[in-house]
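Notes follow once the structure below has been shown.
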Amino acid sequence: MKYLDEYRDADLARRLLKEIQQVQRRPWVLMEVCGGQTHSIVKYGVDDLLPRDIELVHGPGCPVCVTPLELIDKAHAIAARRDVIFCSFGDMLRVPGSECDLLTVKSRGADVRVVYSPLDCLKLARKHPEKQVVFFAIGFETTAPANAMLVWRAKQEGIRNVSVLVSHVLVPPAIEAILDSPWNRVQGFLGPGHVCAIMGYREYEEISARYKVPIVITGFEPVDLLEGVLMTIRQLEEGQARVENQYVRAVTREGNQAAQELVAKVFEVGERKWRGVGPIPNSGYRLREEFSGFDAERRFDVAAIDTQEPSVCISGEVLRGVRKPHDCPAFGNDCTPEHPLGATMVSSEGACAAYYLYGRRQKTTVGG
Amino acid sequence: MCLGIPGQVVLLENAGGLRMGKVRFGGIVRDACLEYVPEVAEGDYVIVHAGFAISRVDEQEAARTYQLLEEMGQLAELDQADVDVEPGGNDSAGSKPDG
Ligand code: SF4
């Protein structure tokens with residue numbers, strides 16, 4: 001119980017834990033979908049506080065981690081061009097491509113910039129009409145409205161020197177891929193709070209009913225996570241399978257309509273490749289035909305770049321919850337946040353980095 | 001990546017037809033796009049992700065979450081903002097020494 005007193009809501013956390021202990025009778029395996037939840041769980045030791053036979057496995061919920069290697073190589077090829085200002089969210093800079101990362105490309109003279117908002121790219125494009133401004137548009141549904149607005153405004157304002165390199169992934173198809181896997185052990189899900197703030201949770205009701213699996217939309221504070229676990233376990237023990245919303249303060253069933261509308265105008269659903277997992281049908285967004293003029297892959301002719309992933313890294317299995325970071329022989333030895341071999345070690349939301357940062361160097365007894 | 005940072009809308013603005021605003025996070029004030037929260041007024045609290053307000057929250061929730069993010073060291077993205085957009089501005093966020 002070493003961490004519990006560090007919780008700001010220690011009393012509430014204690015009550016939730018007690019209730020979990022009362023409700024739980026059988027062993028259960030739950031997955032938290034969102035990388036922000038993984039970070040919080042590992043940092044605050046939420047999984048260590050839980051009864052031993054409730055296992056939390058870490059999901060695919062980090063868009064940085066699942067951006068395919070070949071797309072990172074394409075980004076590097078585009079960024080290296082002299083006529084390009086390449087913009088990205090900060091977390092993509094250190095993700096290794098097959099040769100190096102964006103920071104290295106920058107140190108070789110490329111104009112690579114970190115932006116806070118995708119709209120910053122419009123300002124840059126107006127200021128540098130002689131340059132091509134390219135944005136690395138990655139993310140889950142949470143980020144799609146921001147990226148969609150960039151493209152929408154560029155078209156409306158007639159700004160031609162902006163384009164986007166899109167790697168947008170969707171959460172529901174990833175959950176289905178996990179549930180369809182013959183190795184799946186996950187019996188209940190903590191759903192992604194901020195993704196659902198945008199999308200609502202109707203899609204999740206359909207998945208929950210079809211696979212008979214409880215899904216509880218959950219926030220990312222330690223007490224949110226404990227409450228999410230409690231609600232999921234209660235359903236499992238009662239033999240129920242439905243969607244519940246723990247994160248009511250930010251999520252409604254319908255989600256953010258204005259955001260959904262603009263996303264649907266700019267993007268359409270299509271197949272996406274996930275790093276470590278491979279192609280999943282209907283698992284991401286691509287630009288609609290009307291906006292294809294803003295597609296950096298077309299503008300810069302990088303379609304031929306195709307890269308294989310290194311074989312030591314098991315991040316694909318880590319992402320699907322099949323194995324844990326310390327099952328990887330490279331974990332903490334050849335692979336560290338300073339020298340990441342796979343993307344789950346790069347982002348602080350990646351399971352490998354979270355384990356490394358918070359001292360999970362050894363295999364715990366849980367879930368042996 | 002899907003981090004949402006709560007802050008208070010201190011000013012509403014119209015930037016060429018785009019609903020924008022200034023949002024205060026602790027001591028830092030940043031621009032945010034408010035197109036997706038049409039109901040929000042000055043003084044309201046919102047969750048901001050990648051420079052866009054994605055939903056409204058009440059004040060108490062906002063304060064709690066902000067503290068938590070601070071503890072988790074997850075507020076770095078607020079510091080790596082607009083500086084980079086200035087022409088010739090040096091790129092403070094991207095130039096962290098590697099390792
Ligand atoms: S420790 Fe490194 S090499 Fe091993 S799975 Fe994680 S990211 Fe891949």
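The values are calculated or read from the model by the stated rules, or taken from the named source; none is laboratory data. All values reported here derive from a predicted model rather than from experimental measurement. So basically every Cβ, Gly included, is an ideal-geometry build from the backbone, and we count neighbours across all protein chains shown. Side chains are part of the model used for accessible areas, which takes the heavy atoms of the whole protein and leaves out ligands, DNA and RNA. Shrake-Rupley method; radii C 1.70, N 1.55, O 1.52, S 1.80 Å.
Only residues that are within 15 Å of the ligand (Cβ to nearest atom) and either within 14 Å of chain B (Cβ to nearest Cβ) or assigned to a loop (DSSP other than H, G, I, E, B) (or both): list them for segment A:299-323, please.
Applying the first criterion (within 15 Å of the ligand (Cβ to nearest atom)) to segment A:299-323 yields A:308-323.
Within segment A:299-323, A:Gln308, A:Glu309, A:Pro310, A:Ser311, A:Val312, A:Cys313, A:Ile314, A:Leu319, A:Arg320, A:Gly321, A:Val322, A:Arg323 meet the criteria.
Out of A:Gln37, A:Gln21, which single residue is more than 14 Å from chain B (Cβ to nearest Cβ) and under 22 Å from A:Val213 (Cα atoms)?
Numbers: A:Gln37 fails: more than 14 Å from chain B (Cβ to nearest Cβ).
After applying the criteria, what remains is A:Gln21.
Being more than 14 Å from chain B (Cβ to nearest Cβ), acidic (Asp, Glu), under 20 Å from the mean Cα position of the chain (by Cα) and in a helix (DSSP H, G or I) is the requirement here; does A:Glu271 meet it?
Values: more than 14 Å from chain B (Cβ to nearest Cβ): yes; acidic (Asp, Glu): yes; under 20 Å from the mean Cα position of the chain (by Cα): yes; in a helix (DSSP H, G or I): no.
Taking the combined requirement at face value, the residue does not satisfy it.
Among the listed residues A:Leu179, A:Leu225, which satisfies the condition of being outside any strand (DSSP E or B), surrounded by fewer than 22 Cβ atoms within 10 Å (Cβ to Cβ) and more than 15 Å from the chain's Cα centre (by Cα)? Steps first, answer last, please.
Details: A:Leu225 fails: surrounded by fewer than 22 Cβ atoms within 10 Å (Cβ to Cβ).
The match here is A:Leu179.
Would you confirm, using the coordinates I've provided, whether A:Val263 is at pLDDT 90 or above, away from the ligand (no atom under 11 Å from the Cβ), part of a helix (DSSP H, G or I) and closer than 21 Å to A:Gly61 by Cα? Show your work before the answer.
Working: at pLDDT 90 or above: yes; away from the ligand (no atom under 11 Å from the Cβ): yes; part of a helix (DSSP H, G or I): yes; closer than 21 Å to A:Gly61 by Cα: yes.
The answer is yes for A:Val263.
Filter segment A:187-222 down to residues that are aliphatic (A, V, I, L, M) and open to solvent by 10 Å² or more (accessible area, probe 1.4 Å) and give me whichever is farthest from the other protein chains (Cβ to nearest Cβ).
Here the residue is A:Ala209.
Please state which of the following conditions B:Glu35 fails to meet, knowing it meets all the rest: (1) open to solvent by 50 Å² or more (accessible area, probe 1.4 Å); (2) modelled with pLDDT under 95.
So B:Glu35 meets the others, but not (2).
Each row is one residue, and each column tells you yes or no for (1) assigned to a loop (DSSP other than H, G, I, E, B); (2) closer than 24 Å to A:His168 by Cβ; (3) more than 10 Å from chain B (Cβ to nearest Cβ); (4) charged (D, E, K, R).
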{"residue": "A:Arg15", "(1), (2), (3), (4)": "no, no, yes, yes"}
{"residue": "A:Met31", "(1), (2), (3), (4)": "no, yes, yes, no"}
{"residue": "A:Asp47", "(1), (2), (3), (4)": "no, no, yes, yes"}
{"residue": "A:Glu70", "(1), (2), (3), (4)": "no, yes, yes, yes"}
{"residue": "A:Ala77", "(1), (2), (3), (4)": "no, yes, yes, no"}
{"residue": "A:Glu99", "(1), (2), (3), (4)": "yes, no, yes, yes"}
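Determine whether segment A:244-251 contains at least one residue that is within 23 Å of A:Val151 (Cα to Cα) and either among the aromatic types (Phe, Trp, Tyr) or open to solvent by less than 70 Å² (accessible area, probe 1.4 Å) (or both). Break it down into steps so the answer makes sense when it comes.
Our first condition is that a residue be within 23 Å of A:Val151 (Cα to Cα); within segment A:244-251, this holds for none.
So far as segment A:244-251 goes, no, none of its residues is within 23 Å of A:Val151 (Cα to Cα) and either among the aromatic types (Phe, Trp, Tyr) or open to solvent by less than 70 Å² (accessible area, probe 1.4 Å) (or both).
Do any residues in segment B:1-30 that are more than 11 Å from chain A (Cβ to nearest Cβ) and among the aromatic types (Phe, Trp, Tyr) have Cβ atoms under 6 Å from those of residues that are assigned to a strand (DSSP E or B) and surrounded by 14 or more Cβ atoms within 10 Å (Cβ to Cβ), where the two are at least six apart or on different chains, and which pairs are they?
From residues that are more than 11 Å from chain A (Cβ to nearest Cβ) and among the aromatic types (Phe, Trp, Tyr), the pairs are B:Phe25/B:Ile5; B:Phe25/B:Gly7.
Conditions: (1) open to solvent by less than 10 Å² (accessible area, probe 1.4 Å); (2) in contact with a Lys or Arg (Cβ under 8 Å, 6 or more places away or on another chain). A:Ala146 meets all but one. Number of the miss?
That leaves (2) as the condition not met.
Report, ordered by the first and then the second residue, all pairs with beta carbons closer than 8 Å, sequence separation of six or more or different chains, a first member in segment A:301-320 that is over 13 Å from A:Leu69 (Cα atoms), and a second member that is of a type in the set (Val, Ile, Thr) and more than 9 Å from the ligand (Cβ to nearest atom).
So the pair list comes out as A:Val302/A:Ile78; A:Leu319/A:Val66; A:Leu319/A:Val277; A:Arg320/A:Ile178; A:Arg320/A:Val277.
Among the residues of segment A:324-341, which ones are in a loop (DSSP other than H, G, I, E, B) and either over 18 Å from the mean Cα position of the chain (by Cα) or more than 21 Å from A:Ala177 (Cα to Cα) (or both)? It would help to see each step written out before you state the result.
Here is the first cut: in segment A:324-341, the ones in a loop (DSSP other than H, G, I, E, B) are A:324, A:328-330, A:332-334, A:336-341.
The answer is A:Cys328, A:Pro329, A:Ala330, A:Gly332, A:Asn333, A:Asp334, A:Thr336, A:Pro337, A:Glu338, A:His339, A:Pro340, A:Leu341.
Could you tell me which residue of segment A:332-363 is nearest to the ligand (Cβ to nearest atom), considering only residues that are surrounded by fewer than 14 Cβ atoms within 10 Å (Cβ to Cβ) and at pLDDT 85 or above? Quick ask: steps written out before the conclusion?
Taking segment A:332-363 as the starting set, the residues that turn out to be surrounded by fewer than 14 Cβ atoms within 10 Å (Cβ to Cβ) are A:333-334, A:338-339, A:359, A:361-363.
Imposing the further condition that a residue be at pLDDT 85 or above reduces the set to A:333-334.
Values: A:Asn333: 9, A:Asp334: 7 Å.
Step by step, filter segment A:332-363, then rank; the result is A:Asp334.
Evaluate segment A:278-286: report whether one residue or more is surrounded by 17 or more Cβ atoms within 10 Å (Cβ to Cβ), more than 16 Å from the ligand (Cβ to nearest atom) and within 14 Å of another protein chain (Cβ to nearest Cβ). Full working, then the answer.
Here is the first cut: in segment A:278-286, the residues surrounded by 17 or more Cβ atoms within 10 Å (Cβ to Cβ) are A:280, A:283-286.
Within this subset, residues satisfying the condition of being more than 16 Å from the ligand (Cβ to nearest atom) are A:280, A:283-286.
Next cut, within 14 Å of another protein chain (Cβ to nearest Cβ) only: none.
No, segment A:278-286 contains no residue that is surrounded by 17 or more Cβ atoms within 10 Å (Cβ to Cβ), more than 16 Å from the ligand (Cβ to nearest atom) and within 14 Å of another protein chain (Cβ to nearest Cβ).
Which of the residues belonging to segment B:1-20 are assigned to a strand (DSSP E or B) and within 30 Å of A:Ala353 (Cβ to Cβ)?
In the first step, residues of segment B:1-20 are kept if they are assigned to a strand (DSSP E or B); the result is B:5-15, B:18-20.
Scanning segment B:1-20 gives B:Ile5, B:Pro6, B:Gly7.
Here are some conditions: (1) within 14 Å of chain B (Cβ to nearest Cβ); (2) near the ligand (Cβ under 9 Å from one of its atoms); (3) open to solvent by 30 Å² or more (accessible area, probe 1.4 Å); (4) not hydroxyl-bearing (Ser, Thr, Tyr). A:Ala258 meets all but one. Which one does it not meet?
Every listed condition holds for A:Ala258 apart from (2).
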